[in-house]
Amino acid sequence: MEQTFIMIKPDGVQRGLVGEIISRFEKKGFYLKGLKMMNVDRSFAQKHYADLSAKPFFPGLVEYVISGPVVAMVWEGKNVVVTGRKIIGATNPSDSSPGTIRGDYAIVMGRNVIHGSDSIESARKEIALWFPEGIADWQSNLHPWIYE
Ligand code: DAT
Ligand code: MG
């Protein structure tokens with residue numbers, strides 16, 4: 001089944017939003033397949049955001065992501081990449097709808113609390129980068145209550 005990479009950024013950790021964020025994905029019916037808290041170094045953050053390296057905000061973005069521990073996760077489910085992005089909300093919290101994570105908990109782009117893969121291909125790359133050791137192999141017994 002489809003998987004996505006979700007990362008709670010340092011501000012989300014510092015602000016005590018880890019449980020709330022996990023809860024939203026969990027209650028939706030997605031399965032948690034990988035989870036760890038970690039500090040990333042500058043070169044790792046640059047690799048994660050390599051596609052944005054030419055952007056003027058890139059240095060600030062890298063400093064932000066390395067400014068404290070993050071929570072890295074893999075979530076699984078039907079259409080989890082696109083639906084995960086909807087749960088997260090628009091990149092700029094000024095445009096994120098209330099009810100989304102960024103819409104409810106963030107104000108500016110440079111402190112927008114959470115990352116989510118933007119395509120199945122980026123999810124594949126990001127999961128490989130963040131979870132080289134692999135992810136958990138388990139199946140939820142609730143499956144028939146979430147999918148028909
Ligand atoms: P997203 O995180 O919604 O996938 P992105 O991949 O385009 O957005 O950019 C990564 C992060 O970089 C984003 O979460 C916040 C920051 N960012 C993006 N565009 C920005 C901009 N124009 N000014 C400042 N920060 C920006
Ligand atoms: Mg992105």
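Which residue is surrounded by the fewest Cβ atoms within 10 Å (Cβ to Cβ), if the candidates are limited to the stretch 61-87 and must be touching a residue at least 40 places away in the same chain (Cβ under 8 Å), within 15 Å of ligand 2 (Cβ to nearest atom) and not in a strand (DSSP E or B)? Ranking the candidates gives Tyr64 first. Might you check whether a residue that is over 23 Å from Gln3 (Cα atoms) and either in a strand (DSSP E or B) or touching a residue at least 12 places away in the same chain (Cβ under 8 Å) (or both) occurs anywhere in the stretch 37-50? Yes, some residue in the stretch 37-50 is over 23 Å from Gln3 (Cα atoms) and either in a strand (DSSP E or B) or touching a residue at least 12 places away in the same chain (Cβ under 8 Å) (or both).
If you filter the stretch 88-114 down to residues that are assigned to a strand (DSSP E or B) and surrounded by fewer than 21 Cβ atoms within 10 Å (Cβ to Cβ), you find that the one that is farthest from ligand 1 (Cβ to nearest atom) is Pro98.
For first residues located in the stretch 101-119 and more than 19 Å from Val62 (Cα to Cα) and touching a residue at least 40 places away in the same chain (Cβ under 8 Å), partners that are part of a loop (DSSP other than H, G, I, E, B) and within 16 Å of ligand 2 (Cβ to nearest atom) and lie 6+ apart or on another chain with Cβ distances below 7 Å form the pairs Ile101/Gly89; Ile101/Val113; Tyr105/Val113. Which condition does Thr4 not pass, out of (1) under 20 Å from Leu129 (Cβ atoms); (2) crowded, with 19+ Cβ neighbours inside 10 Å; (3) without any contact (Cβ under 8 Å) to a residue 60 or more places away in the chain, if it passes all the others? Going through the list (1) under 20 Å from Leu129 (Cβ atoms); (2) crowded, with 19+ Cβ neighbours inside 10 Å; (3) without any contact (Cβ under 8 Å) to a residue 60 or more places away in the chain, Thr4 breaks only (3). Within the stretch 125-148, take every residue that is in a helix (DSSP H, G or I) and touching a residue at least 40 places away in the same chain (Cβ under 8 Å) and give me the one that is farthest from ligand 1 (Cβ to nearest atom). My answer is Ile146. Ser53 meets all of the listed conditions (1) more than 18 Å from Phe131 (Cβ to Cβ); (2) surrounded by 17 or more Cβ atoms within 10 Å (Cβ to Cβ) but one, namely (2). Condition (residue is in contact with a strand residue (DSSP E or B) (Cβ under 7 Å, 6 or more places away or on another chain) and either over 17 Å from Ile101 (Cβ atoms) or modelled with pLDDT of 95 or more (or both)) applied to the stretch 40-47: is it met by at least one residue? Looking through the stretch 40-47, at least one residue is in contact with a strand residue (DSSP E or B) (Cβ under 7 Å, 6 or more places away or on another chain) and either over 17 Å from Ile101 (Cβ atoms) or modelled with pLDDT of 95 or more (or both).
The values are calculated or read from the model by the stated rules, or taken from the named source; none is laboratory data. Just so it is clear, the model here is predicted, and its values are computed rather than measured. Please note: Cβ atoms are built from the backbone with ideal geometry, for glycine as well, and neighbour counts cover all protein chains shown.
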